[in-house]
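Asker: Okay, handing you the structure first.
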C-alpha cells in the first residue's frame, strides 16, 4: 500500500539556597503539581533507540532520474524502473502522472519535457544547490525510524527515496516499507515560485527542510492508522488528529511543539492561552457532535486562520484541542501506554468522558 501526505534548554548559574524542611517539602509538592498540570503525559519521553536495528538506505531518485539519457530515454528509464520497481511505479503513475494509461509515446514525451524544459531544469538545479547531500535528513529520518520501530516493532521501515515532481505538492509519501521525500517542496519559504503554483502563505511557511521528518512521520502514521472522515463528528476528527500528534511527539522527542503543529511560537501560545475558549466555542456552536463536513473539517485541516475565532488565531485549532484531549486522557490513566492508546478504537465520546477533559 502507498500513502500520500499532500508537519532549547539554556544553562544558567545556580545559587544554593538552604530551605527549612517544611518549606522545602511544600515547595517540592507545589513544583511537582505545577509540572504535572503543565506537562503531564505531553512531556516528551526520551528513550535510547541506538540499538534499534533499521536497514536504512537512502536513494537520490531525483539525481538518478536527471541522469537518464534523453537520447536513449526508453532504455535508461527502463533501467531506473528495474532498479526501483515499486517506487518508480508510484512515481511515474501517481506522483507525476506521466505513465497514466498505456500510451508509451505520451509517457516518453512527458518525461523528456520534464527532463529538458528550462524551468524544470532550473528546478533540478535549485534542488541540487539546496540539497547537495542529504546527510542531515538521513540522520533525522534514521532517528525517526528507530523511534517508530521501538514503539511499533512490527512496522517495517528502511528505504528513503528523495524525488522531485515539479512542484506538484507531494512532500512525503509512503510506499509499503519505503518513504519518499519531495525535495522540491522544501526549498525555503523565500523560494519565488511557490506563489506561482497557488501555494498559500501558511503552507509556504512550512516549505523548510526542518519539516521533512515531521511530514514523513505524518505520512507513516496515516498509513498505519487510516481514518475515514465520512460520517464522523468533529470530536471524532479531533481525537484522531490528537493521536497523530501524540505519534509525532513520542517518535520525534527533540522536536518543538510548534514544529509538530506547524505553528509559529506566537500561534502556539495563542492556542495555549485560549484552549478553554476554543472548546467552549465548539460546544456553544454545537460543533462537537456535528457531522456536516463543510462546518467541521476546517478545524482539523490547515488554513490561514479559524472560522469564528479572532484573526490572530491559526488554522487547525481542532487538532491542537485533540492533542490536549489525548494528553489529558494519558495523564488520568498512567497505566495506559501511548502507543496502545493511538490504536484504541473506542468511541471518542467515551475517551472524552474517561479523560474528564474540560479546559478552563
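Please treat every number below as a calculation from the coordinates, not as lab data. Treat the numbers as computed from the prediction; the structure is a model and nothing was measured. FYI the Cβ positions are ideal-geometry reconstructions off the backbone, even for glycines, and counts take in every protein chain you see.
Asker: If packing is taken as the average number of other Cβ atoms within 10 Å across a peptide's residues, how do 164-173, 203-212 rank, most packed first?
Answerer: Per-residue mean Cβ counts within 10 Å order the peptides as 164-173, 203-212.
Asker: By DSSP, what percent of the beta bridges with both residues in the chain are antiparallel, rounded to the nearest 5?
Answerer: 45
Asker: In deg cm²/dmol and to the nearest 500, what is the mean residue ellipticity at 222 nm of the chain if only DSSP H runs of at least 4 residues count, each as -39500 (n - 2.57), divided by the residue total?
Answerer: Dividing the helical sum by the residues of the chain leaves -14500 deg cm²/dmol.
Asker: Additional query: Which number comes out as Rg/Rh for the range 154-300 once both Rg and the Kirkwood Rh are worked out on C-alpha atoms?
Answerer: Rounded to two decimals, Rg/Rh equals 0.98.
Asker: Oh, and also: Which FRET efficiency value, to the nearest 0.05, do you get for residue 47 and residue 168 by plugging their Cβ-Cβ distance into 1/(1 + (r/R0)^6) with R0 = 30 Å?
Answerer: 0.25
Asker: Ok, one more. Report the full-extension gain for the segment residue 286 to residue 122: residue separation times 0.36 nm, less the Cα-Cα distance, to one decimal in nm.
Answerer: Extra length available between residue 286 and residue 122 comes to 54.0 nm.
Asker: Can you give me the C-alpha center-to-center distance between the range 330-360 and the range 68-96, rounded to a whole angstrom?
Answerer: Each part's Cα centre sits 46 Å from the other's.
Asker: Output the peptides 45-52, 237-244, 330-337, 298-305 sorted from most to least packed, where packing is the average of other Cβ atoms within 10 Å over each peptide's residues.
Answerer: Ranking the peptides 45-52, 237-244, 330-337, 298-305 by packing returns 237-244, 298-305, 330-337, 45-52.
Asker: Sticking with this structure for a sec: Between rounded, prolate and oblate, where does the chain land on the alpha carbon gyration tensor, with a ≥ b ≥ c its root eigenvalues, rounded for a/c under 1.5, else prolate if a/b exceeds b/c?
Answerer: Note, shape of the chain comes out prolate.
Asker: Work out, step by step, the length gained on full extension between residue 113 and residue 154: first 0.36 nm times the residue separation, then minus their alpha carbon distance; give nm to one decimal.
Answerer: Between residue 113 and residue 154, full extension yields 10.6 nm more.
Asker: How would you order 225-231, 54-60 from highest to lowest mean count of nearby Cβ atoms within 10 Å?
Answerer: 54-60, 225-231
Asker: Tell me the label-point distance for the pair residue 94, residue 79, using the 7 Å Cα-to-Cβ offset, in nm and rounded to one decimal.
Answerer: Label-label distance for residue 94 and residue 79, simple model: 2.8 nm.
Asker: On to the next question. Hey, with R₀ at 45 Å, roughly what FRET efficiency would residue 340 and residue 204 work out to, going by the Cβ-Cβ distance, to 0.05?
Answerer: Efficiency, from the Cβ-Cβ distance: 0.75.
Asker: If you don't mind, another one. List the pair-distance distribution P(r) of the range 223-290, using every Cα-Cα distance, as the percent of pairs falling in each 5 Å bin from 0 up to the bin containing the longest distance, rounded to whole percents.
Answerer: Going out from 0 Å in 5 Å bins, the range 223-290 shows 3, 14, 18, 21, 21, 16, 5, 0 percent.
Asker: Distances over 19 Å make up what percent of all Cα-Cα pairs in the range 226-360?
Answerer: Percent of Cα pairs beyond 19 Å in the range 226-360: 46.
Asker: Once a ≥ b ≥ c are taken as the square roots of the eigenvalues of the Cα gyration tensor of the range 57-224, is the result rounded (a/c under 1.5), prolate (a/b larger than b/c) or oblate (a/b not larger than b/c)?
Answerer: In terms of gyration-tensor shape, oblate.
Asker: Based on the Cβ-Cβ distance of residue 102 and residue 307, what FRET efficiency does E = 1/(1 + (r/R0)^6) give at R0 = 35 Å, to the nearest 0.05?
Answerer: The pair residue 102/residue 307 has a calculated efficiency of 0.20.
Asker: Still on this structure, I have one more. Report the full-extension gain for the segment residue 293 to residue 269: residue separation times 0.36 nm, less the Cα-Cα distance, to one decimal in nm.
Answerer: 5.9 nm
Asker: Have a look at the DSSP beta bridges in the range 57-224 and tell me what percent are antiparallel, nearest 5.
Answerer: Counting only bridges with both partners in the range 57-224, antiparallel ones make up about 35 percent.
Asker: Follow-up. Sticking with the crude label model, points 7 Å out along Cα→Cβ, report the distance from residue 358 to residue 189 in nm, one decimal please.
Answerer: About 3.9 nm separates the two model spin labels.
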